[in-house]
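The values are calculated or read from the model by the stated rules, or taken from the named source; none is laboratory data. In this text the structure is predicted, and so the values were computed from the model without any measurement. A quick note on method: Cβ atoms are made from the backbone with ideal geometry, for glycine too, and the neighbour counts reach across all protein chains shown. We work out accessible area using only protein heavy atoms, side chains counted, and drop any ligands, DNA or RNA first. Shrake-Rupley method; radii C 1.70, N 1.55, O 1.52, S 1.80 Å.
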Amino acid sequence: MAAVAAFPAVRLSLGRRRCLRCGPGPRPVPAGGAAPRPCSTQAAPQGINKPIIDRIIRVDHAGEYGANRIYAGQMAVLGRSSVGPVIQQMWNQEKVHLKKFNELMVAYRVRPTVLLPFWNVAGFVLGAGSALLGKKGAMACTVAVEESISDHYNNQIRTLMEEDPEKYKELLQVIKQFRDDEREHHDIGIEHDAEATPAYSVLKTAIQLGCKAAIFLSERI
């Protein structure tokens, strides 16, 4: 846990009092190991496929948590550069995503992945490391990560549509909106010369392999 405390965290407040309706179930773990946040008042639909929904919400929470740490690392290096406002804009959207998945974890009573402390450090290191390559390197990282996440969201949308699109209507709307945001971030990275990064294809492939491994692990543990 000392490694987690060594890095700044994204602090998201959902209010001060816990909703009594949520009972003693699992509560989402916010960034940086802070105390769990109060819950959402949203209620999960009845008769859901719990294993599938648990897996979807757990991995999406982990992904948005990791994305926040990546942008935090990039801002630590490039925050005062000309590209700083662009990175900050994308980070702000990721904060909204993470806040929503914090709420969904409580509403659906889903535990977070045990790997959050690792993603905390790994995400920051990836963000800062790519930013040390310069603006193009940071944007190449953004393109690789956001492409992986948007593809993953598309897979989840197909799964929920096959299950019951009406029952999972609200969750589908959330995932579709966030997928569109990730696509926008991907396009911003392309517009800011991501593909001009030296060894772009190698860097992109390596990052996306890491993303696939992170998705696989976070769904399961």
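Quick look at the numbers
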item	result
Under 18 Å from the Glu219 label point (7 Å along Cα→beta-carbon), backbone N, region 175-192	175-176, 179
Per-residue HN-Hα couplings for region 122-128 [Karplus 6.51, -1.76, 1.60; θ = phi - 60°; Hz; x = Gly/Pro]	4, x, 5, 5, 4, x, 5
Radius of gyration and Dmax over the Cα atoms of region 50-219, both given in Å	15.5, 47
Point-charge dipole on Cβ atoms (K/R +1, D/E -1) for region 50-219, about Cα centre, debye to 20	540 debye
Computed lengthening from Lys176 to Asn92, 0.36 nm per intervening residue step minus Cα-Cα distance	28.4 nm
Probe 1.4 Å, accessible area per residue of region 50-219, Å²	42 Å²
For region 60-159, alpha-carbon Rg over 2.2 N^0.38 Å	1.10
Ordering of 165-177, 63-75 by packing [mean C-beta count within 10 Å, highest first]	63-75, 165-177
Region 50-219 - percent relative contact order, Cα under 8 Å, separation 6 or more	30 percent
Solution diffusion estimate, µm²/s, Stokes-Einstein, region 102-165, Kirkwood Rh from C-alpha pairs, 4 °C, viscosity 1.567 mPa s	91 µm²/s
Compactness of region 74-114, expressed as Rg and Dmax over alpha-carbon positions, Å	14.3, 42
